[in-house]
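Before any comments, here is the structure.
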Amino acid sequence: MKFLLLTLIAHTSNPLTGEKKSPADRLRDVVDEAVLAEELGFDDYAVGERHEDPFISSSPPVVLSNIAARTSTISLFTAVTTLSLLDPVRAFEDYSTLDNLSGGRLELIIGKGNGAAQAELFHVTTDDQWDRNREGYELFRLLWERDQVTWSGRFRPPLVNAKALPRPLQPRIRIWHGSATSADSVELAARHGDPLFSANVTYPVEPYADLVRHYRQRWEFYGRPPAEALVGAGTAGFHVAPTSQEAIRAYRPIFEARLTAQRRGGLPVVFESIDDLVERSSALIGSPQQVVDKVGRYHEQLGHEVMHLSADADGLPPGHQRRSLELFQAEVAPVLRERFPSRALIAEATPREALA
């Protein structure tokens, strides 16, 4: 199994101290977290894309380029790139440039995005976001793989023998399709032979497992060998400590702050207590053995080879997040890597000299 640290770059007050960092300091923290992730031996670091409060993750290629300059081996992910909002040509230019600067370490997770700000800022609504996402993906893929592209669609002007520059370092990029609650992303991934990344965050595992099973069924429907289907999955929270009591005690203020924010925002509350969160959600909060056992239970349902964990301290006391990540790498990751073998990431599978 591969392990990916992910941040959506939430810009909120610390639930313990009330402190709220400046955007500049928060963004520098993200780059430092990615450097730490590489030092500790994590496989990937992912930056999400959001365009509304409380997030400041509107420009993943800029943040990832800064991370690329500070690291050398860790794979760089987006989680997700909202192609429904972006001009595919401009997105290609940004990510092709990043691919070159990072030495071919880039993988993308794409998705339609969500939130009311999409309609306000980009005039993308629930009526057209899926069509925009599909069209943007298909053009983005063509631009990556062909030196010249002739194309026409609904949402941007046509292209005739267009050449987008710079050409990427990787001749073929792996593009994952982010999936939360809809079969549309699942269908698009299966049809094109791409991997699926299940959000696996808001609810218990059952609806996500249903979508993953649907993905595998559609994968076979399109004539693809079942063993070649590739799945990743998210987690709803993360903190590992020597004992479950220590883990829950440290994480409780984070959970309570989120619960309060959900209720104030009129959002549905799925897990009413931290004990409920630990028991029924994908959150990995507990001792090393408890985390190993929970990942095993989820793997039975999802068959995932890549898993994301939160990169952010989220209000943990100073030093707790680093100790948690170190303990995960020392006592959890080796067991899961051995128990659930996984395929190489693109950056690992393609020798650097072949890309030069």
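Think of a 1.4 Å ball rolled over the protein heavy atoms: segment 266-324 then has 42 Å² of accessible area per residue.
Using the Stokes-Einstein relation with a Kirkwood hydrodynamic radius computed over Cα pairs, the translational diffusion coefficient of the chain at 37 °C and a viscosity of 0.692 mPa s comes to 157 µm²/s.
Stretching the chain fully between residue 293 and residue 25 yields a gain of 92.8 nm (0.36 nm per residue, less the alpha carbon separation). Against the chain, whose longest principal axis comes from its Cα atoms, helix 205-221 is set at around 30 degrees.
Put +1 on the Cβ of each Lys and Arg and -1 on the Cβ of each Asp and Glu in the chain; which of 281, 58, 170 then has its Cα farthest toward the positive end of the dipole? Final value for the positive-end residue is 170. Applying both filters, DSSP loop and at most 16 other Cβ atoms within 10 Å, to the trypsin sites (Lys or Arg not before Pro) of segment 149-188 gives 154, 163, 172. Taking amide H as placed 1.01 Å from N in the peptide plane, the amide H of residue 55 sits under 5 Å from that of 11, each at least 5 places away or on another chain. Between residue 280 and residue 191, the simple label model (points 7 Å from Cα in the Cβ direction) yields a spacing of 3.5 nm.
How high is the FRET efficiency from residue 337 to residue 53, r the C-beta distance, R0 41 Å, rounded to 0.05?
On the way: r = 38 Å, r/R0 = 0.92.
The computed FRET efficiency comes out at 0.65.
Building the convex hull from the alpha-carbon atoms of segment 7-111 and averaging its projection over directions returns 6.8 nm².
Residue ranges 300-306, 230-236 sort as 230-236, 300-306 when ordered by packing (mean number of other C-beta atoms within 10 Å per residue, highest first). The three principal axes of the Cα atoms in segment 201-356 give end-to-end lengths of 47, 36, 30 Å, sorted in falling order. In this rough spin-label picture, where each label sits 7 Å from Cα along the Cβ direction, the residue 127-residue 114 distance is 2.2 nm.
Looking at segment 1-110, which chymotrypsin sites (Phe, Trp or Tyr not before Pro) are in a loop (DSSP not H, G, I, E or B) and have at most 10 other Cβ atoms within 10 Å? It would help to have the intermediate numbers written out before the result.
Working: sites: 3, 42, 45, 55, 77, 92, 95; in loops: 42.
Those that pass, being in a loop and sparsely packed, number zero.
Projected label points at residue 228 and residue 162, each 7 Å from Cα along the beta carbon direction, are separated by 2.9 nanometres. Averaging the Cα positions of each part gives two centres, and for segment 192-240 and segment 287-341 these lie 18 Å apart. Kirkwood's formula applied to the C-alpha pairs of segment 134-230 gives a hydrodynamic radius of 15.0 angstrom.
Summing -39500 (n - 2.57) over the DSSP H runs of n ≥ 4 in the chain and dividing by its residue number, what mean residue ellipticity at 222 nm do you reach, to the nearest 500 deg cm²/dmol? Don't skip to the end; give the middle numbers.
On the way: 14 runs with 159 residues, N = 356.
For the chain, the value works out to -13500 deg cm²/dmol.
The alpha-carbon of residue 20 sits under 12 angstrom from the alpha-carbons of these aspartates and glutamates, leaving out residues fewer than 8 places away in its chain: 314.
Taking 0.36 nm per residue of sequence separation and removing the Cα-Cα distance, the residue 263/residue 12 pair yields an extension gain of 88.7 nm. Relative to the current alpha-carbon distance between residue 344 and residue 246, full extension at 0.36 nm per residue lengthens the span by 31.9 nm.
The values are calculated or read from the model by the stated rules, or taken from the named source; none is laboratory data. Keep in mind that what you see is a predicted model, and the values were worked out from it rather than measured. Because the Cβ atoms are built from the backbone with ideal geometry, glycine has one as well, and the counts that use them run over all protein chains shown. These accessible areas exclude ligands, DNA and RNA; they are computed on the full protein's heavy atoms, side chains included. Shrake-Rupley method; radii C 1.70, N 1.55, O 1.52, S 1.80 Å.
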